[in-house]
């Protein structure tokens, strides 16, 4: 049976050195945070719904999530805090939308990857 480890310490030190120079700690930390925020299934569900519609009222997001408006608001605030969604007020109503096309593309690419059977549960 083949093992999935290396028997050498470093095969290509030049590549390793070059790649290490390109790894920005702040960029990686921020990117990791995006995945952590979307790693919550409820928040991902809300973001996914927003990726399919231009914007949604908090009460509609709550219905989609099968939750209370307070719970939906909580998750949407977390998405907003991390720059993944924006909102606007209209009287007593709050409408949310994805912050930009990057968030939509991230969700779409991950969904397509899953549909292709690349993810094992």
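Taking every alpha-carbon pair under 8 Å whose residues sit at least 6 apart, segment 1-120 reaches a relative contact order of 20 percent.
Specify which labelled value, from (i) 39, 32, 26; (ii) 43, 30, 24; (iii) 63, 34, 22, agrees with Cα extents along the principal axes in Å derived from the coordinates of the model shown. Recomputing Cα extents along the principal axes in Å here picks out (iii).
Most exposed first by the Cβ proxy, i.e. fewest other Cβ within 10 Å, how do 18, 77 rank?
Details: 18 10, 77 15.
Least crowded to most crowded, the residues run 18, 77.
Cα centroid distance between segment 90-108 and segment 47-66, in Å? Measuring centre to centre over Cα atoms gives 9 Å. Put in line by how crowded their Cβ is, counting other Cβ atoms within 10 Å and starting with the fewest, 59, 10 read 10, 59.
Bear in mind that the values in this text are calculations on the coordinates, not laboratory data. The structure displayed is predicted, hence computed values, not measured ones. Virtual Cβ from ideal backbone geometry, glycine too; neighbours counted across all protein chains shown.
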